[in-house]
Amino acid sequence: MDVSAGVAVTDVAARGRADELAGLRRRMAAMSGRPDQRVVEVRDRAAGVLPVPDSLSDILPHNGIPRGTVVGLDGARSVLVAMIAAVTRAGGQVGIVGLPRLSLLSAAEMGADLSRIATIPDPGPDPVEVAAVLLDGMDLVILDLAGDGVGTRPRNEMVAPSRARVVMGRVRKQSSVLLVTGGTWPGAQLAIEARVLTYRHSPQPPSRTASRAAGLDSARSGYGRIGGMRLQVTVSGRGRQSESTEVELLAAGHGADRTVEMVAATSTAPVLAVAN
């Protein structure tokens with residue numbers, strides 16, 4: 001076996017990985033308005049919390065997500081999208097590692113500033129390393145561990161406790177928030193679970209001509225659109241009791257004018273129950 005050849009191949013791969021990470025840091029610097037400097041901190045990160053949708057603030061510590069925290073998120077991705085929108089609307093930077101099928105259109109409909117989002121759809125075989133780099137310059141880093149069937153990513157990954165501790169130290173040092181989906185992160189301080197309860201029904205009858213021809217009433221059941229949904233969101237964590245709330249996603253407008261808002265669930269509009 002030619003050991004020297006094997007070492008050479010390994011060195012080339014290592015240099016290629018280093019070049020990728022250096023390019024990622026340059027992208028982060030450009031997003032923060034400092035294209036000629038290596039990003040260490042995007043801004044003065046005083047102790048505080050990341051903003052969340054108002055309808056979720058009551059069940060989160062200090063009405064938001066404390067900086068320096070690792071959070072596990074499971075269930076409906078609408079909550080994830082709403083958090084991206086809340087952070088970027090407030091001027092924060094968000095990095096998304098994995099999740100190639102996450103809809104940025106949905107984020108825009110909820111008011112997200114897309115210029116403040118960096119996406120790494122296929123981070124390669126080590127998404128944790130990529131997320132750790134992003135922590136240097138982002139307020140919120142979203143890390144998907146499931147792989148989603150993309151590239152060479154493993155599925156249903158569990159991060160080793162020793163490595164999780166190292167990355168969590170970096171989260172604290174950079175005053176960022178790491179939000180993990182699709183896997184297990186040992187020692188996460190908060191866990192958020194979002195479950196769909198019902199869908200909101202927005203009646204949309206067929207065309208007037210078709211209705212007359214079929215003799216249908218404009219409000220007949222079976223016609224319409226899903227105009228939103230109701231979610232139950234539960235937050236738990238170390239040293240605190242679990243708290244839950246119900247929120248609604250309300251859609252308005254169509255096409256380019258469509259907007260989506262997350263509000264506290266109080267309405268009694270027609271709903272479609274979710275079968276369990």
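The values are calculated or read from the model by the stated rules, or taken from the named source; none is laboratory data. As the structure is a prediction and not an experimental result, all values here were calculated from the model. Reconstructed Cβ throughout: ideal geometry from the backbone, glycine too, with neighbour counts over all protein chains shown. Note: accessible area is taken over every heavy atom of the protein model, side chains too, but ligands, DNA and RNA are not part of it. Shrake-Rupley method; radii C 1.70, N 1.55, O 1.52, S 1.80 Å.
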Surface accessible to a 1.4 Å probe, residue 115 within the full protein complex, Å²: 90
Extension gain, residue 256 back to residue 101 (0.36 nm per residue minus Cα-Cα distance, nm): 53.8 nm
Relative packing of 160-169, 81-90, 116-125, which averages over residues the other C-beta atoms within 10 Å, highest first: 81-90, 116-125, 160-169
Per residue Cα convex hull volume in Å³ - calculated over the range 49-192: 95
